[in-house]
Each structure stands twice: as structure tokens, then as C-alpha cells.
Amino acid sequence: MIFADVYYILIFYLTGTLFALAGFAVVKSVFADFPDKGYILAKIFGLLGVSFVMWTLTYVFKLPYTSAAVVFVLLAFITVGVVANRAEFFADLRKNLKFIAGEEILFACFFGLMLIYRSAVPQIVDIEKFMDFAILNGLYRTEQLPPQDVWFSGNTINYYYFGHFILTTMNKVTHIPLSTAYNLNVAYIFALTASAGFSIVLALTRSRIASVL
């Protein structure tokens, strides 16, 4: 069981890195003055960008919301970003490699810390977890939008679900069982929030001590 959990964690983490690469080409230009060229923020904007394009393709153009479609859009983002800025893309990565590696370690620490916390009570049993889990299940199973409501059979979800859609987009790439993916999602959101805070404060203060605090 523990080996399966470690495998899921690694797959989820590496998938997150792919989404970072998907967003880095654009983010590094917008946040050029950031010490990390906005690499940590690329994790957020890459996932957000791929999810928005996938949502538009499915909701507006009725393209099936499948794992293959998500992977295609993800790879398209990475390919376009690399081809359009090939020289600068790899140059920025090499130039800031040590700093980016340090941020990845920090991100991994935040991610691991929340996983340890969630491992104490991994059950989906209180507050809005039932509803969140139901929406995630509905989105994961559907190929069309809006998704079917798993509680109110025959009807679509009458709720703002784009945040859940973003996480499901990642889940459709990893194919991790949703009961496990749910806790990975929670840990990932925490790590993204904490790491983004570090990156922004560092850019504003140029102080690593202030950024950590």
C-alpha cells in the first residue's frame, strides 16, 4: 500500500511539473523581474491555462472532456511555448536552474507537510468534503459540460465548479483513484499557495528571510 501511495505522489508531482512547463513560456515574460522568472507561478498559470482552454473546447465546441484531450492540450501548450521561445526558454531555465531547484525543494516541503497532515485523517467525512468529492467525481466521469450531478440523477451540477474542473483536469492526466487524488489536490493547493507567496514576497523585498516568514 505504501509503495502505491509513493507512486501516486510521484506521478502527481511530476504531472504538476509538466503544467509548470506549459505556463513558463508566458509567465517568464510577464514576471521577468522575478528572481525565478515566475517559475512557481507558472505552476498555477499553466494549470489554469490548460484548464480554461479545455473547458472552452468542451463547453463551447463540444469536444469530449477526456484524458487524451487534456494531454493533447497540455502538450500543445508545452510545444508552442518551447518552439516560440526556444532559445530564451532553455536559457532562462539554465540561468535560473539553482534557484528553481531550490524553489522546487521548498514546494516539495510544503506539499509533503500537508500530505503528512492529511494522512492523519485522510477520510472525506466532514464540512464541504462530501460535496467537493461529489463534484470531482461528476467531472471525472463526464465527457461533456455541464457535468451530471451525482447526487441529483438526471440533472447537471447547479454550482460553480470551475475550481473543481481545474483539479479534475490534472486528475484526468494522472488517473490516480479519486479518493487518493482528493488529498493530493488539497496538499497541492496548499503548496501552490505557500510557494506563490514565497515567490511574490521575494520579488517585492529581495529578502529570502522575509519570503520564508
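Residue-by-condition table, conditions (1) among the hydroxyl-bearing types (Ser, Thr, Tyr); (2) assigned to a helix (DSSP H, G or I):
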site: Met54; (1), (2): no, yes
site: Tyr65; (1), (2): yes, no
site: Ala68; (1), (2): no, yes
site: Thr79; (1), (2): yes, yes
site: Ala101; (1), (2): no, yes
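For the range 156-185, which positions are touching a Pro at 6+ places or on another chain (Cβ under 8 Å) and either aromatic (Phe, Trp, Tyr) or surrounded by 20 or more Cβ atoms within 10 Å (Cβ to Cβ) (or both)? Within the range 156-185, Ile157, Tyr161, Asn183 meet the criteria.
When we screen Asp126, Asp92 for residues that are in a loop (DSSP other than H, G, I, E, B), of a type in the set (Asp, Glu) and over 15 Å from Thr17 (Cα atoms), the only hit is Asp126. Taken over the range 23-47, residues that are assigned to a helix (DSSP H, G or I) and crowded, with 17+ Cβ neighbours inside 10 Å amount to 15. Search the range 110-155 for residues being among the charged types (D, E, K, R) and closer than 30 Å to Ser199 by Cβ, and hand back the single one that is surrounded by the fewest Cβ atoms within 10 Å (Cβ to Cβ). Here the residue is Glu128.
Close contacts from the range 54-77, counting a first residue that is touching a residue at least 12 places away in the same chain (Cβ under 8 Å) and closer than 18 Å to Thr15 by Cβ and a second that is of a type in the set (S, T, N, Q) and outside any helix (DSSP H, G or I), with Cβ to Cβ under 7 Å and a gap of 6+ residues or different chains, come to Tyr65/Thr142; Tyr65/Gln144. Counting the residues of the range 39-65 that are closer than 22 Å to Tyr188 by Cα and touching a helix residue (DSSP H, G or I) at 6+ places or on another chain (Cβ under 8 Å) gives 16.
Considering (1) part of a helix (DSSP H, G or I); (2) in contact (Cβ under 8 Å) with a residue 40 or more places away in the chain; (3) in contact with a helix residue (DSSP H, G or I) (Cβ under 6 Å, 6 or more places away or on another chain), the lone condition that Leu167 does not fulfil carries the number (2).
Only the coordinates and a few stated rules stand behind these numbers; no lab work does. Please read these numbers as outputs of a predicted model, since none were measured by experiment. Methodologically, a virtual Cβ is constructed for each residue, glycine included, from the backbone with ideal geometry; neighbour enumeration extends over all protein chains shown.
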